[in-house]
1. Condition first: surrounded by 10 or more Cβ atoms within 10 Å (Cβ to Cβ) and within 21 Å of ASN41 (Cα to Cα). Now tell me which residues in the range 83-95 satisfy that.
2. How many residues, within the range 28-86, are under 11 Å from LEU105 (Cα atoms) and among the aromatic types (Phe, Trp, Tyr)?
3. Test TYR80 against the criterion of being open to solvent by less than 80 Å² (accessible area, probe 1.4 Å), in contact (Cβ under 8 Å) with a residue 24 or more places away in the chain and either in a helix (DSSP H, G or I) or over 24 Å from PHE150 (Cα atoms) (or both), and give yes or no.
4. Which of the residues spanning the range 83-105 are outside any helix (DSSP H, G or I) and among the charged types (D, E, K, R)?
5. Considering only residues that are part of a helix (DSSP H, G or I) and of a type in the set (D, E, K, R), look in the range 189-248 and name the one that is modelled with the highest pLDDT.
6. Just a yes or no: is a residue in the range 82-101 hydroxyl-bearing (Ser, Thr, Tyr) and more than 26 Å from PHE228 (Cβ to Cβ)?
7. Across the range 38-70, what is the number of residues that are open to solvent by 50 Å² or more (accessible area, probe 1.4 Å) and over 19 Å from THR113 (Cβ atoms)?
8. Among LEU56, LEU43, LEU25, LEU66, which is in a helix (DSSP H, G or I) and at pLDDT 90 or above?
Amino acid sequence: MLNKLDYSYNCEESIIHRINSVVKLFGLFIYVLLCLLKFNNVLFICNIGFVFLLILLSNINIIKYLKVIWKLKYILIIMYAFMYHKQMDFMNMNIIIFKFVFFVLYLSMIVYTTSREDIGKGTSIVVDRINIVGISFKSITTFFTNILVFVDNFIDSYNEIFIIEGIKGKVYSCSNLIDKIKYIVINFKIVLEDSKEKMNNRKYDMKYRMYNKDVKSKYKYRNKLFIFDYVYVILNVAMLVFYVLKVR
């Protein structure tokens, strides 16, 4: 079964929790950009090392991060199989896998150390700054809020169907890979429909409420940056400048 605690904000005390959500999203953008640019050994190590440092400083049990990667094991196998079929170089295959894995870890770090409210506001602010179609900040915020809430509803629906199937004697965890794929295909539509119904039956205001009342962030969103935000930005910009000066 899916555990929402494995994919939700973790109320801990750490430097990373204090960093502004916009700054974290900026860092994620720089990471993706550097992954797509021309490969360089030094830059690759710095990029991956920076993500690993963030994970260590987040004060989140490393097991939680490993659980996320374990959930993606079939995707990683498929990626390896596809690249092997394309006769890619073994080193390039591993570099691509590492980039993907650390992208997922980076995204998980943001989710674990940032409340839904801050993720919603931060994402809305980023989109609003580059908004060229005139969509209101309120509309953008509501859009990202609905995505976050839908994930919760989807996990609830998935677990409910899983329990029902277990009562019927269909033990998903003990099935082989083919049976698991069949299980997902058969029940995916049911999960989506149930999730959609839960979204339509929401009884609370979704304007800016991006988390339940009993789940509060220790560090509320701030318009002002503090020292760790600047350090975070400087390190990311430094890697980008290194690429422009040394790699390009």
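The values are calculated or read from the model by the stated rules, or taken from the named source; none is laboratory data. It should be emphasised that the depicted structure is a prediction, and the values quoted were computed from it without experimental measurement. Glycine gets a Cβ as well: all are built from the backbone with ideal geometry, and neighbour counts include every protein chain shown. To get the accessible areas, we keep the full protein, side chains included, count just its heavy atoms, and leave off ligands, DNA and RNA. Shrake-Rupley method; radii C 1.70, N 1.55, O 1.52, S 1.80 Å.
1. Those that are surrounded by 10 or more Cβ atoms within 10 Å (Cβ to Cβ) and within 21 Å of ASN41 (Cα to Cα): MET83, MET88, ASN92, MET93, ASN94, ILE95.
2. Filtering the range 28-86 for residues under 11 Å from LEU105 (Cα atoms) gives 28, 48, 51-52, 54-55, 62, 64-69.
Pick out the ones that are also among the aromatic types (Phe, Trp, Tyr) and you get 52, 65.
Here the count works out to 2.
3. Numbers: open to solvent by less than 80 Å² (accessible area, probe 1.4 Å): yes; in contact (Cβ under 8 Å) with a residue 24 or more places away in the chain: no; either in a helix (DSSP H, G or I) or over 24 Å from PHE150 (Cα atoms) (or both): yes.
No: the conditions fail for TYR80.
4. From the range 83-105, those outside any helix (DSSP H, G or I) are 86-89; that's our starting set.
Matches in the range 83-105: LYS86, ASP89.
5. Checked the range 189-248; the qualifying residue modelled with the highest pLDDT is ASP229.
6. Yes, there is a match, as at least one residue in the range 82-101 is hydroxyl-bearing (Ser, Thr, Tyr) and more than 26 Å from PHE228 (Cβ to Cβ).
7. Residues that pass the stated criteria total 7.
8. Among LEU56, LEU43, LEU25, LEU66, only LEU56 is in a helix (DSSP H, G or I) and at pLDDT 90 or above.
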